[in-house]
Structures are given as C-alpha cells and as structure tokens.
Amino acid sequence: MSNNSMILSSRRAFLGATGKTLSATALAMVVGSNIKTAAAADASQDIEILNAAIALEHEGIAAYQIAATSGLLDPAVVDIGVTFQGHHKGHRDVLVKAVETLGGKPAEEKSLGAYAADLKASSLKNQVDVLRLALDLERGAANAYLGLIPSLGPDYHQVAAQMAGDEAFHAAILANALGQPIPKAALMFG
Amino acid sequence: MKKLSNVILCFSVVLISSSVVAKDSVNSSGREITQVTSQGDSVPPYAVSEQLVVKGEELYKRRCGGCHSLDNNRIGPRHRDVYGRKAGTVADYKYSKALRNLDVIWTDQTLDEWLVNPTAFAKGTSMGFRLKKADERHAIIEYLKFLSSASSANAQ
C-alpha cells in the first residue's frame, strides 16, 4: 500500500514535472517564434516606410535640381537651393543605408522629366513661384516625417526626427525669403 | 504633348474648383451647405460641408502635400476621386502588396481609420503617416469627398 502510493505519487510528480517542463518549452517555442516573426514583420514594415521616405528625398533632390537650372532664380538663391539639395542627398544616403541594413531594396529615383511633370514645374514663372513650391514641399516633408515616426520601429525614430528638423529649417528660411510672418502659435509642425 | 495638355487641363480644373470654393466660402461662411444631394453618403454626388472643405484643402496641402497630389502620382498615389473608390486601384501607381490586397472602399469611416494608423489598418503598407487630430482628419476627408463629387459633376 505504502509502496504503491509512493510509486503513484512519484509518478504523478514526474508527470506533473514533465508536464510543466513541456509547457515551458512549448511556451518558449511559441514566444520565440512570435518574436522572430514580429521582428521580420517589423523589418519589412520599416523597409516600406523608409522607402517612401527615400522617394520623398529623391523628389526633393530633383525639385532643387529643376529650380537651380530653371533660370528663374538669383544666383544667391541658387546657392541656397544647392545647399538644401545637399542636405536632401545626405538624407537619401542615410535612408538607403538603413534599408540595405534591413535587407531591403532602396526605392529608385524617377527621371528628372517625370518629377518636373509631377510637380507641375511648367507652371513656375518666377522666383516667387519657385520659392513657394519649395516651401510647400519642405513644410510637407517636415510634417510627413513627424507623422510617420510612430509607425517606424524605435531604431529609426531619431533618424526620422533629424530629417524633420532639417526640413523645418529649410521651411523657415524659405518662408522668411517669401516675407511670410513668423507663426504666432507653438507646435508649427506635426 | 497629350500628357502635357492633360496636366494643364487638370491644373486649370484645380484652380477653378479652388477659386469657386474660396469665393463661396466668403459669401456663406459657417453655413452647412449641401453641394449636391444624394442618397446618403455612399453614392456620388456626395453632400459636403463647404466650411470644412475650405479648411480641409489647406490642411491637405500641409499634412498630405509632402507625399500626395490630386492629379499626379508622387510618393503616394494621386487623390482625385479617391473617396468612394476601392483601395489600391490607381492604375499607374506601384502600391505595396498590402494595399493591392486591401479589400476596402474609401469612405468616411475607412479613411478615418486609415489615417489614425495606416500600418494597423493595412499591415505592410508604405504609408506610415498618422494624423492624430480627429478634426483635421474630418476636414481632410470632407475635402477628398468634395473632390470626388466635383469630378463626377465635371465628368458629364
């Protein structure tokens, strides 16, 4: 009797322990694979969003190219535009590297003619028109970056915020060149 | 040549429609108008609030204009007539797989959910931009709706 119950109870203990071990292993497997698929899904999600940002930078680079060669700008304004274009090239390079690091294929640029058509460059008649277009694009880009930060993985939050900072700087200079008043209210972007 | 004239045509339509909006809004600011009557909101032409459309146009430029235009594909697809249309169906725009496979018609409700959090609405989409403020979403959706109704009127 006592022998039997001992065997029984130790068997139960063994089964119970195995059961626990098994479920812990199973749990680890499930959690592990979830973490893995979540990480893979987040990487491909980040690639998609970062590629849209690369497309935005390609367009910005092209816009300054079109502006600089339009013959509509004072030489001093061309200089500023070329400097801003350099910033956009810097952004593009950082974003391309990020997409490649994640194992993605960076978005390619379109032809200059395609950008000119997309941006209705043929409707630009003078320097003010060009500055207004540049301001709209830069302001839009600053807002765009701020709005996409929460959708990106945390590794890229700071990068996106840095881009937004540069675009906001450009927008401020352009708004000033156009003689626009300084906004009274705080939180101008985002 | 044909493409260029199309662009010019579209551009003048934009100019005309925006100046119409601007003028009317001065005459009847604050009044809810029914631009055209319809059976509810699901069939064009849609009923829109003029005041909201004016606000929505300005917000659209600031919030969406970095990536979208009405008549040209840019970072995102062109937007004229997007309201009431099936998602992912602008022919010459290269959508993500997520949006191509999204079985959704763009309405007040689906657009609102999308703008709150596009990657939750269509996981894997390339649009990461979220618009947090409900009143801004409301005005922009009204503007997109107006453009769809304006186009359906123009199309005749």
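The values are calculated or read from the model by the stated rules, or taken from the named source; none is laboratory data. None of these values were measured; they are calculated from a predicted model. Heads up, the Cβs are rebuilt from the backbone with ideal geometry, glycines too, and the neighbour counts pull from every protein chain shown.
Data for the structure
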quantity	calculated
Top-ranked residue of the stretch B:93-108 - restricted to ones that are away from chain A (no Cβ under 11 Å) and either part of a loop (DSSP other than H, G, I, E, B) or of a type in the set (Asp, Glu) (or both), ranked as farthest from A:ALA141 (Cα to Cα)	B:ASP103
Scan of the stretch B:51-78 for residues that are crowded, with 22+ Cβ neighbours inside 10 Å and over 26 Å from A:ALA175 (Cα atoms), ordered by number	B:PRO77
Test: residue in the stretch A:69-81 that is of a type outside the set (Ser, Thr, Tyr), within 14 Å of chain B (Cβ to nearest Cβ) and in contact (Cβ under 8 Å) with a residue 24 or more places away in the chain	no
Test for B:LEU111: is it at pLDDT 50 or above, farther than 22 Å from A:TYR145 by Cα, more than 14 Å from every other protein chain (Cβ to nearest Cβ) and not in a loop (DSSP other than H, G, I, E, B)	no
Residue ID - nearest to the other protein chains (Cβ to nearest Cβ), chosen from residues in the stretch B:56-86 that are under 12 Å from the mean Cα position of the chain (by Cα) and over 15 Å from B:ILE141 (Cα atoms)	B:ASP71
Candidates A:GLU167, A:GLU138, filtered to the one that is closer than 22 Å to A:ILE47 by Cα, buried (at least 18 other Cβ atoms within 10 Å of the Cβ) and charged (D, E, K, R)	A:GLU167
Considering residues of the stretch A:70-85 that are small (Gly, Ala, Ser) and touching a helix residue (DSSP H, G or I) at 6+ places or on another chain (Cβ under 9 Å) only, the residue surrounded by the most Cβ atoms within 10 Å (Cβ to Cβ)	A:GLY81
Residue among A:ILE49, A:ILE54 that alone is modelled with pLDDT of 95 or more, touching a Lys or Arg at 6+ places or on another chain (Cβ under 9 Å) and under 22 Å from A:TYR156 (Cα atoms)	A:ILE54
Candidate set: the stretch A:97-133, residues that are away from chain B (no Cβ under 12 Å), touching a residue at least 60 places away in the same chain (Cβ under 8 Å) and in a helix (DSSP H, G or I); chosen: the one nearest to A:GLU48 (Cα to Cα)	A:ALA98
Only one of A:ALA62, A:ALA53, A:ALA114, A:ALA67 that is surrounded by 13 or more Cβ atoms within 10 Å (Cβ to Cβ) and either under 29 Å from B:ASN117 (Cβ atoms) or hydroxyl-bearing (Ser, Thr, Tyr) (or both)	A:ALA53
Of residues in the stretch B:128-137 being at the interface with chain A (Cβ under 7 Å from one of its Cβ atoms) and without any contact (Cβ under 8 Å) to a residue 60 or more places away in the chain, the one surrounded by the most Cβ atoms within 10 Å (Cβ to Cβ)	B:GLY128
